[in-house]
Amino acid sequence: MDIPFNVKERPDTGLYNGKLGIWLFLASEVMLFGGLFSAYIFLRTGVDNWPAGTEYLNVPLATLNTLFLISSSVTMVMSWASLKLNDFKKFKLYSGVTLLFAFGFLVIKYFEYTAKFSHHYYPSTNNFLGIYFTMTGLHVLHVLGGIIVIGYFFGPGSKMWNTDPERFTNRIEIVGLYWHFVDLVWIFLFPVLYLL
Amino acid sequence: MTPEEVKHHIKTYIIVFVALACLTIVTVAISYLDIGVKAGISLGLLVATVKASLVACYFMHLIDEKTTIYWTLIATAVAFLILIFLPIGTMSAQVRIY
């Protein structure tokens with residue numbers, strides 16, 4: 001039995017089911033990260049002296065990572081637009097570049113984390129590092145999740161383009177929405193943890 | 001969506017990308033300004049909000065979406081604001097963590 005409303009819009013919502021599904025998931029994600037941002041405000045406003053991010057963190061590396069994620073967001077949306085233009089080769093190119101930027105982000109994060117550990121900075125060191133590792137760690141897990149899904153649609157999952165192109169295009173739109181959300185979270189994490 | 005519309009969207013994506021890259025530089029520059037902690041935080045968060053809005057409106061197509069999604073997000077925004085203002089409310093109660 002086929003799952004209904006994969007491509008056609010459901011009359012009552014005006015959306016195909018997957019799109020409403022991803023937005024509901026993203027709403028729950030807003031609350032997940034919102035809880036941590038709330039904890040950050042609670043911790044920061046509760047003390048008289050809060051360390052500047054620059055005391056512990058590497059701003060140039062994080063700036064480069066911000067540019068990586070922004071670039072990956074634009075290549076992600078371009079991969080969807082390529083499918084809308086029936087250009088499968090460009091889809092492969094843009095989603096491949098998206099994956100490269102995502103891996104680049106992880107590599108830089110790896111260097112950042114190992115630098116902290118080599119200085120004996122751990123989540124247990126103080127509240128600032130505790131919330132830093134929790135928030136960026138959860139974000140890294142989201143990047144990893146994105147890499148797995150984008151990687152699947154770049155590789156074996158892309159076969160669907162030959163059998164059901166509209167449904168495949170919708171799948172890319174959905175993973176794109178998730179990926180832009182991951183970018184959006186970083187847009188706030190970067191100034192909050194590193195700069196302010 | 002017609003191919004012409006998609007091509008028009010692609011131009012918008014490039015413009016938004018350039019704007020996001022420039023605003024990232026602005027965010028870093030603000031952190032070097034000597035304008036005090038409160039003004040620095042306010043300005044930094046303002047730029048971050050503008051960047052996030054650009055991503056949400058254009059990359060996530062929220063500028064032209066269905067009402068169902070808008071209502072979902074309005075409910076989320078209300079719950080999110082409660083979460084954010086809860087700890088700020090405790091400031092008036094002089095809560096201190098050591």
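The values are calculated or read from the model by the stated rules, or taken from the named source; none is laboratory data. Just so you know, these numbers come straight off a predicted model, no measurement behind them. Don't worry about glycine lacking a Cβ; one is built from the backbone with ideal geometry, like all the others, and counts go over all protein chains shown.
Considering (1) farther than 24 Å from B:SER53 by Cα; (2) surrounded by fewer than 20 Cβ atoms within 10 Å (Cβ to Cβ), say which one A:ILE131 fails and leave the rest.
(2)
Under 8 Å between Cβ atoms, at least 6 apart or on separate chains: pull out the pairs that start in the stretch A:163-184 with a residue that is part of a helix (DSSP H, G or I) and end on any residue that is of a type in the set (Lys, Arg).
Close Cβ pairs satisfying both conditions: A:THR169/A:LYS84; A:ASN170/A:LYS19; A:GLU173/A:LYS19; A:ILE174/A:LYS19; A:LEU177/A:LYS19.
Looking at the stretch B:74-90, which of its residues are closer than 24 Å to A:LEU20 by Cβ and more than 7 Å from chain A (Cβ to nearest Cβ)? Before the answer, list the steps.
First pass over the stretch B:74-90, keeping only residues closer than 24 Å to A:LEU20 by Cβ: B:74-83.
Selection gives B:ILE74, B:ALA75, B:ALA77, B:VAL78, B:LEU81, B:ILE82.
Out of (1) surrounded by 15 or more Cβ atoms within 10 Å (Cβ to Cβ); (2) out of contact with any Phe, Trp or Tyr (no Cβ under 9 Å at 6 or more places or on another chain), the odd one out for A:HIS139 is which?
(2)
Go through the stretch A:8-49 and report how many residues are assigned to a loop (DSSP other than H, G, I, E, B) and modelled with pLDDT of 90 or more. If you could, list the steps in order and put the result at the bottom.
Of the residues in the stretch A:8-49, the ones assigned to a loop (DSSP other than H, G, I, E, B) are A:8-16, A:46-49.
With modelled with pLDDT of 90 or more added as a condition, the list becomes A:8-16.
Qualifying residue count, the stretch A:8-49: 9.
I want to confirm something. Restricting to the stretch A:160-191 and keeping residues that are more than 8 Å from every other protein chain (Cβ to nearest Cβ) and under 30 Å from A:ILE41 (Cβ atoms), which single residue is nearest to the chain's Cα centre (by Cα)?
Step one: filter the stretch A:160-191 for residues more than 8 Å from every other protein chain (Cβ to nearest Cβ), giving A:160-175, A:178-179, A:182, A:185-186, A:189.
With the extra rule that they be under 30 Å from A:ILE41 (Cβ atoms), the set shrinks to A:178-179, A:182, A:185-186, A:189.
Working: A:TYR178: 7, A:TRP179: 4, A:VAL182: 2, A:VAL185: 7, A:TRP186: 8, A:LEU189: 12 Å.
That would be A:VAL182.
Restricting the stretch A:40-55 to residues that are touching a residue at least 24 places away in the same chain (Cβ under 8 Å) and under 13 Å from A:LEU193 (Cβ atoms), which is surrounded by the fewest Cβ atoms within 10 Å (Cβ to Cβ)?
Kept after step one, since they are touching a residue at least 24 places away in the same chain (Cβ under 8 Å), are these residues of the stretch A:40-55: A:40, A:43, A:47, A:50-51, A:53-54.
With the extra rule that they be under 13 Å from A:LEU193 (Cβ atoms), the set shrinks to A:40, A:43, A:50-51, A:53-54.
Values: A:TYR40: 22, A:LEU43: 17, A:TRP50: 16, A:PRO51: 14, A:GLY53: 20, A:THR54: 12.
For the stretch A:40-55, the residue satisfying everything is A:THR54.
A:MET76: under 17 Å from A:ASN170 (Cβ atoms) and at pLDDT 95 or above, yes or no? Lay out the reasoning, then the answer.
On the way: under 17 Å from A:ASN170 (Cβ atoms): yes; at pLDDT 95 or above: yes.
Judged against the criteria, A:MET76 is a match.
Of everything in the stretch A:9-18, what is more than 8 Å from chain B (Cβ to nearest Cβ) and not acidic (Asp, Glu)? Give them in sequence order.
Of the residues in the stretch A:9-18, the ones more than 8 Å from chain B (Cβ to nearest Cβ) are A:9-12, A:16-18.
Passing the criteria: A:ARG10, A:PRO11, A:TYR16, A:ASN17, A:GLY18.
Given (1) more than 29 Å from A:VAL59 (Cα to Cα); (2) touching a residue at least 24 places away in the same chain (Cβ under 8 Å); (3) surrounded by fewer than 15 Cβ atoms within 10 Å (Cβ to Cβ), where does A:PHE111 come up short, assuming only one miss?
Result: A:PHE111 fails condition (1) only.
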